[in-house]
Structure formats: structure tokens, C-alpha cells
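The values are calculated or read from the model by the stated rules, or taken from the named source; none is laboratory data. What you are looking at is a predicted structure, and each value in this text was computed from that prediction instead of being measured. Because the Cβ atoms are built from the backbone with ideal geometry, glycine has one as well, and the counts that use them run over all protein chains shown.
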Amino acid sequence: MARRRGEAGGAPAFRRRLAPAAAAAGAGLGPTRRLLYAGGMDRIFTAAATRIAALAGQPAAFIAAFGLILLWLASGPLFAWSDTWQLVVNTATTIVTFLMVFLIQNSQNRDAAALQAKLDELLRPVEGARAEFIGIEHLPDHEIEAIRKALEDEAAEQPPVRRRAETVRRMLVRR
């Protein structure tokens, strides 16, 4: 198998460089979380959640779910539209919804963390960028809102390079 650029020994260069930081991340966890982290439970759950979320987001998954509902509806007369017949679909949808909430939240948390790390990596080398913005996602909501408001006020005080209407018009012309 050919190696991709930046890989040596089967691991991408950035992963080898960041591996000590990732290992240290597990050191600050509580005993139960550390046990799960060290035991690979995080890896197993992440892999499963990623695969299930990818499958659930496909059109085929929607078609299959729709087909199951149609099959359930078609079986109604066989079960005389009984309470048990209704309970089957209610229970199934409740369980699936309950589990999907955790999978979706896990996917969103990982995506947000990865995006934040990428933004931080882009912010670090930019000359004139304020490095104090790195890590603000860990602040309470009211502090982030205060920072956002301060940035908007600061931007409003600076002379605009281009008027907003002109910018919108130029973007629409590009389409």
C-alpha cells in the first residue's frame, strides 16, 4: 500500500507529532473516564458512532425507515389495529430516537472540536491575529457573547472597506 504524503511508519506526521498531547489528554480525566479512555471504549464508541451516523444520513436509510413504517401500516389489519400493534412502533421509534440523540451529539461534539482545532491552527501563524482568541470556546456563554459584542463594536468603529450592499451585490453577480 502506498503511503500518503506526510506519513511515515503508517501514521500521518501530524498524528505522530500530536500523539503525546492526545495521551496527556487522558491524564486529566477522572478514574472512570480514564478507564474507559485507556480501555479503548472512546475509540470503539467513536468508530461505531461515526459509521452509524454516516449510514443514518444516507437516502437509503430514509427509504428503509419509510419502508418499515409502510410495512407496519400494512400489518395493521392483520393485528386488528390493536394496542399492541401501536405499541410496537411507538417503542421502536422511542428507542431509535433516544439512541440517535447520543450519536448525533457525539458527532457534533467531535466535529466542533476538530473545527476549533483547525481554526486555532490557522489563527496561530497569522501575523497580527490575536492569539488570546485561541481556546475561547471553553469560556462560559456570557463571556463569549461579551467578546462577540466587543468585536462587533470594534468592527463598527473601523471604516468599511466596502459597503455591505456592494459586497452582497458582487456576491450575487458571481453566481
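Tabulated results
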quantity: Selected residue (only one of L119, L99, L123, L115 is on the phi < 0 side of the Ramachandran plot and touching a Phe, Trp or Tyr at 6+ places or on another chain (Cβ under 7 Å)); calculated: L123
quantity: Residue within region 35-55 that is modelled with pLDDT under 90, of a type in the set (S, T, Y), over 30 Å from L151 (Cβ atoms) and over 18 Å from the mean Cα position of the chain (by Cα) present; calculated: yes
quantity: Residue within region 98-111 that is of a type in the set (V, I, T), in a helix (DSSP H, G or I) and under 30 Å from A49 (Cβ atoms) present; calculated: yes
quantity: Any hit, region 147-164, residues being surrounded by 11 or more Cβ atoms within 10 Å (Cβ to Cβ) and under 24 Å from the mean Cα position of the chain (by Cα); calculated: yes
